[in-house]
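A.B. asks: The structure's right below; bear with me while I get my questions together.
Each reported figure results from applying straightforward, stated rules to the coordinates on display, with no laboratory input. Please read all numbers here as calculations on a predicted model, not as lab measurements. Here the Cβ is made from the backbone with ideal geometry for all residues, glycine too, and neighbour counts use every protein chain on show.
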Amino acid sequence: MADLPLGPGVPSTVRPLLHTSALVVNAGRHGTTVVIADVHLGLAAGPDAPLGPPGASAPELAEAVLQLCDRAHSRRLWIAGDVKHPIVGVPPWLRPVVFDFFATLLEAGVVPEVVLGNHDVGLVRHLPREVVVHPASGSVAHGVGVFHGHRWPSRAVLEQKTLVAGHLHPGYRFAPTAESPLSKRRCWVRVKFDGTGGVRRPDGRRARARELIVLPAFHPLAGIESLNRERPERGRSFLYHRFLGRGRARAYLLDGTDLGPLATLPPTARGGRGG
């Protein structure tokens, strides 16, 4: 399994897969679990083309997930929120698409678990009954706290040393060139909580969490927040202020390139080289 480190100090049990938006949690004798976020089924789709466009259709996304699971030698999958794209409810044309997406995974022997995101209102009733669903407050996967990122996770999640979230659609903006006309590129974000800072629970007490890894969006057409140029839009500001701003945050391209500390954060939340 090829993986990439997010700088020194990341537990060997938690690794992103190189050139992908997937994280792998290695639970030793219990096997591995693949974690992705922001699948956004229904994005760029509609009643006349419910599966979505070529290159980003629901069947292609399901196949991409299966390939990730094969690469990670895993039969377990966690989706950290935003399975679907419509925020409220599931339109009739999208219901069979959602069901078939998960049916494809189940038929291949992959056991999916879903942590609900802000886009997942009304999702549960349209999932196969074999899919395990966790509330928006998140859950714990083999000692890793997983939540979406649009609201406070549970105390049990915050007490894990390593947290994983999505929601932010993190990216980095570069100057476009003839060879690379796309100026926005997806990235990972790793936040280390240490010293006198750290995440504070809603009751004001400091959580045990020592790091947060923010997943890039899985859907290839999902929007990208250029975190090195501007603060995220209002809907994603909770994760940004309550978590990224509480530690030392660095960005990494999907190929593992260390982009350094995020310049849009307050100076106290920027890490030194190699953090």
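A.B. asks: Suppose each label sits 7 Å from its Cα in the direction of the beta carbon; what would the residue 221-residue 152 distance come out to in nanometres?
C.D. replies: Distance between label points: 3.8 nm.
A.B. asks: What's the angle, to the nearest 10 degrees (0 to 90), between helix 95-107's Cα axis and the longest principal axis of the chain?
C.D. replies: Relative to the chain, helix 95-107 is tipped by roughly 80 degrees.
A.B. asks: Let me ask another. Roughly what would the spin-label model give for residue 103 and residue 87, points 7 Å off Cα along C-beta, in nm?
C.D. replies: For the pair residue 103/residue 87, the computed spacing is 3.1 nm.
A.B. asks: Want the number for residue 125 to residue 30: 0.36 nm per residue separation, take away the alpha-carbon distance, what's left?
C.D. replies: Values: separation 95, 0.36 × 95 = 34.20 nm, distance 2.96 nm.
Full extension from residue 125 to residue 30 adds 31.2 nm.
A.B. asks: When you take every Cα atom in the range 14-269, what is the radius of gyration, and what is Dmax, the widest Cα pair distance, in Å?
C.D. replies: In order Rg, Dmax, the Cα atoms of the range 14-269 give 17.5, 54 Å.
A.B. asks: Next up: Helix 58-71 against the longest principal axis of the chain: what's the angle in degrees, Cα atoms only, rounded to the nearest 10?
C.D. replies: Approximately 60 degrees, to the nearest ten.
A.B. asks: Collect residues whose amide H, placed 1.01 Å from N in the peptide plane, falls under 5 Å from the amide H of residue 167; neighbours closer than 5 in sequence don't count.
C.D. replies: When sequence neighbours closer than 5 places are left aside, the close amide H contacts are 38.
A.B. asks: Projecting each Cα onto the charge dipole of the chain (Lys/Arg +1, Asp/Glu -1 at the beta carbon, about the Cα centre), which of 97, 111, 175 comes out farthest on the positive side?
C.D. replies: Working it through, the farthest residue towards the positive pole turns out to be 175.
A.B. asks: Related question: Could you order peptides 121-132, 206-217 by the average number of other Cβ atoms within 10 Å of their residues, highest first? Could you put the intermediate results ahead of the total?
C.D. replies: Details: 121-132: 14.3, 206-217: 22.1.
Result, highest mean first: 206-217, 121-132.
A.B. asks: Sequence neighbours fewer than 8 away in the same chain don't count; with that in mind, list the lysines whose C-alpha is under 27 Å from residue 84.
C.D. replies: Residue 84 reaches 184.
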